[in-house]
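A.B. asks: Questions regarding the structure given below will be posed in turn.
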Amino acid sequence: MGVVSTLHTVYILNQIITILQFEGMKQLKALILIGGFGTRLRPLTCTRPKALFPIVNKPLLQWTFEKLAENGVNEVILAVNKLTEFHIKQARMPKYGLSVKFSLDPPKMPLGTAGPVKKAEKLLGHEEPFLVLNGDLITEISYRQLLRAHLEGKAVATIALHEAEDPSRYGTAELAEGNRIKQFVEKPPKGTEPSKLINAGVYVLSPKIFDYIPEGRAVSMEREVFPKLAEKNVLYGHKVGGLWIDIGKPEEYLETNKLILETCADKPRKARNFNCKNPVAIGKGVIIGENSVIGPCAILGKNVTVGKNVQIRNSVVFQDAKIEDDAIVEGALIGESAKIGKGAKISEGCIIADHARVKEGAVLHEKVHVCPAIEVA
Ligand code: GTP
């Protein structure tokens, strides 16, 4: 570990102590839900869980760990399936001083969004409230403020509520006096939404929650548990602002990368042999050939090789991919170790999965998806 990251870890550990003292809590635990199948992001999710998708060349879960540590969390429980657990253990990412444990859904029985909370009951304990997060989010939500809001009242659950233009795609909440949630409706038909306030996928739960979740089967937090809590007047909301985006769909994943890229793009670089149009992020070991145009909004993972006269814009290229001479990649996602042949054209919305190959001169029209390790001509 370098000096800078050691200092960063020490800084975060100090933060944790200060925050917990302030809240009068002994420790703060967070459960992250990352055992879903990510079907909307196929075929990239055929070979990696959503939690490991790179956001500007850093896995999403690493962004989450960093933010949890900064917010005073000291223990994280990852609610996973066997495959997700395998990939995450392989990834060996920095943990910023967090203690990380795994809680596995039973084989062939995904537990949904509430079942994993019940499954992790022993790890979460009965002493103090804890955080639960969907693992496919990038947000500016202050977990500390959410925790404080929860500690002020008599809630069993306090949900971070974000205002959305189209709330019908999400769980929506109707607030009553003192931020109590009167009604919680998951994905209400358009025009019937009780408000524009949506479930941001981040909650604080009190141990009492375990009484509301049946054991040994899939349970939906949004469809079963929250409506029941609202009925009993123990569901509360806390309005949050700022950046909030989930990477559930390909276009949202690309958008998330673009938003984060604007905040942490590489410094404008004067490339001698290629044309760099900022913002761009270029990973370690990337090679770019003469007269290529990279950007705007291009993210190249480590060890990507780009040939001559290539154009890449508005796209994410995962590590070790190879884009040969004269190819054009626009508005696309290119998986790890994928190969785009000489002069090929990859259009908006295309997804080329890991290890797939697009042959020389092939033209892929909008939204073509290529499965892992397949070759297309
Ligand atoms: P889609 O199939 O594309 O809807 O993706 P998903 O099921 O992975 O995501 P969804 O938005 O429905 O779930 C929200 C969060 O809960 C994600 O971080 C998922 O990984 C997680 N999740 C969903 N279902 C399960 C489950 O059965 N078990 C566990 N442990 N986590 C889950």
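The values are calculated or read from the model by the stated rules, or taken from the named source; none is laboratory data. Predicted, not measured: the structure shown is a model, and the values here were computed from it. All Cβ positions, glycine included, derive from the backbone under ideal geometry; neighbour counts span all protein chains shown. Areas reflect the complete protein model, heavy atoms only, side chains present, ligands, DNA and RNA absent. Shrake-Rupley method; radii C 1.70, N 1.55, O 1.52, S 1.80 Å.
A.B. asks: Within region 161-252, report the GluC sites (Glu not before Pro) that DSSP leaves as loop and that have at most 16 other Cβ atoms within 10 Å.
C.D. replies: In loop regions of region 161-252 (DSSP not H, G, I, E or B), the sparsely surrounded GluC sites (Glu not before Pro) are GLU165, GLU215.
A.B. asks: Now a separate question. Each residue of region 172-182 in order: what ³J(HN,Hα) in whole Hz does its phi give by Karplus 6.51 cos²θ - 1.76 cosθ + 1.60, θ = phi - 60°, with x for Gly and Pro?
C.D. replies: Per residue, the Karplus-derived 3J(HN,Hα) values read 10, 10, 9, 8, 10, 4, x, 6, 6, 8, 6 Hz.
A.B. asks: Once region 120-210 is represented by equal point scatterers at the alpha-carbon sites, with solvent omitted, what log10 I(q)/I(0) does the Debye formula produce at q = 0.22 Å⁻¹?
C.D. replies: -1.16
A.B. asks: Residue farthest toward the positive end of the dipole of region 268-376, with Cβ of Lys/Arg at +1 and Asp/Glu at -1: which of HIS365, ASN314, ILE287?
C.D. replies: Most positive-ward Cα: ILE287.
A.B. asks: Name the residues whose placed amide hydrogens come within less than 5 Å of the amide hydrogen of LYS95, ignoring near sequence neighbours (fewer than 5 apart) on the same chain.
C.D. replies: For LYS95, no residues qualify.
A.B. asks: Rolling a 1.4 angstrom probe over the protein chains, ignoring ligands and nucleic acids, what is the accessible area of ARG223 in square angstrom, nearest 10?
C.D. replies: Rounded to the nearest 10, that gives 150 Å².
A.B. asks: Order these peptides, 52-59, 80-87, by their mean beta-carbon neighbour count within 10 angstrom, highest first.
C.D. replies: So the order, starting with the most tightly packed, is 52-59, 80-87.
A.B. asks: Any chance you could look up the accessible area of LYS367 with a 1.4 Å probe, heavy atoms only, rounded to 10 Å²?
C.D. replies: We get 150 Å² for LYS367.
A.B. asks: If packing is taken as the average number of other Cβ atoms within 10 Å across a peptide's residues, how do 273-284, 291-302 rank, most packed first?
C.D. replies: Highest to lowest by the protection proxy: 291-302, 273-284.
A.B. asks: May I pose another question? Could you tell me whether region 278-325 comes out rounded, prolate or oblate from its Cα gyration tensor? Rule is a ≥ b ≥ c as square roots of the eigenvalues, rounded for a/c under 1.5, then prolate if a/b exceeds b/c, otherwise oblate.
C.D. replies: The shape class here is oblate.
A.B. asks: Same structure again: Heavy atoms of the protein only, probe of 1.4 Å, neighbouring chains included. What is the accessible area of HIS355 in Å², nearest 10?
C.D. replies: 100
A.B. asks: Right, here's the next one. Counting pairs on different chains as well as pairs 8 or more places apart, how many Lys pairs in region 268-376 have Cα atoms under 15 Å apart?
C.D. replies: 16
A.B. asks: Here is a further query. Using the Karplus curve 6.51 cos²θ - 1.76 cosθ + 1.60 with θ = phi - 60°, work out ³J(HN,Hα) for each residue of region 213-225 in order, rounded to whole Hz, and write x for Gly and Pro.
C.D. replies: In residue order, the calculated couplings are 10, x, 8, x, 8, 5, 9, 9, 4, 6, 8, 10, 7 Hz.
A.B. asks: Going by accessible area, probe 1.4 Å, with all protein chains left in place, what is the ranking of LEU31, LEU151, largest first?
C.D. replies: LEU151, LEU31
A.B. asks: Tally Lys/Arg at +1 and Asp/Glu at -1 over every other residue whose Cβ is under 10 Å from the Cβ of PRO296; what's the total?
C.D. replies: Net charge in that neighbourhood comes out at +3.
A.B. asks: Please give the calculated 222 nm ellipticity per residue for the chain, where each DSSP H segment of at least 4 residues contributes -39500 (n - 2.57) and the sum is spread over every residue; nearest 500 deg cm²/dmol?
C.D. replies: -6500 deg cm²/dmol
A.B. asks: From the Cα gyration tensor of region 268-376, with a ≥ b ≥ c the square roots of its eigenvalues, which class applies: rounded if a/c is under 1.5, or else prolate if a/b is larger than b/c, or else oblate?
C.D. replies: Here region 268-376 falls in the prolate category.
A.B. asks: What net charge is computed for the residues neighbouring LYS190, neighbours being all others with C-beta under 13 Å from the C-beta of LYS190, Lys and Arg scored +1, Asp and Glu -1?
C.D. replies: After counting each charged neighbour, the total is 0.
A.B. asks: On alpha-carbon atoms, Rg over Rh for region 52-126 using Kirkwood Rh?
C.D. replies: 0.97
A.B. asks: What residues have an amide H closer than 5 Å to that of HIS355, excluding those fewer than 5 places away on the same chain, when H is modeled at 1.01 Å from N in the peptide plane?
C.D. replies: Answer set, sorted by chain and number: GLU336, SER337, ALA338, ALA373.
A.B. asks: Whenever you get a sec, compute what percent of the accessible area on the chain sits on carbon and sulfur atoms (1.4 Å probe).
C.D. replies: 51
A.B. asks: For LYS239, what residues show an amide H to amide H distance below 5 Å, using hydrogens built from the backbone and excluding near sequence neighbours?
C.D. replies: LEU161
A.B. asks: Would you mind pulling out the separation of the Cα centroids of region 322-377 and region 206-263, in Å?
C.D. replies: 34
A.B. asks: Turning to a different aspect of this structure: With the other protein chains left in place, how much accessible area per residue, in square angstrom, belongs to the chain at a 1.4 angstrom probe?
C.D. replies: Value for the chain: 46 Å² per residue.
A.B. asks: Moving on. Taking 1 over the mean of 1/r across every pair of different Cα atoms in the chain, what Kirkwood radius in Å do you get?
C.D. replies: 21.9
A.B. asks: Could you give each residue of region 325-336 its phi-based ³J(HN,Hα) in whole Hz, using Karplus coefficients 6.51, -1.76, 1.60 with θ = phi - 60°, and x for Gly or Pro?
C.D. replies: Karplus values, whole Hz, x for Gly and Pro: 3, 6, 6, 10, 10, 9, x, 10, 10, 10, x, 4.
A.B. asks: Next up: For the chain, which DSSP H helices look membrane-span-like by this rule: Cα extent along the axis of 18 Å or more and mean Kyte-Doolittle of at least 0.5?
C.D. replies: Qualifying helices, which must be both long enough and hydrophobic enough, are 3-23.
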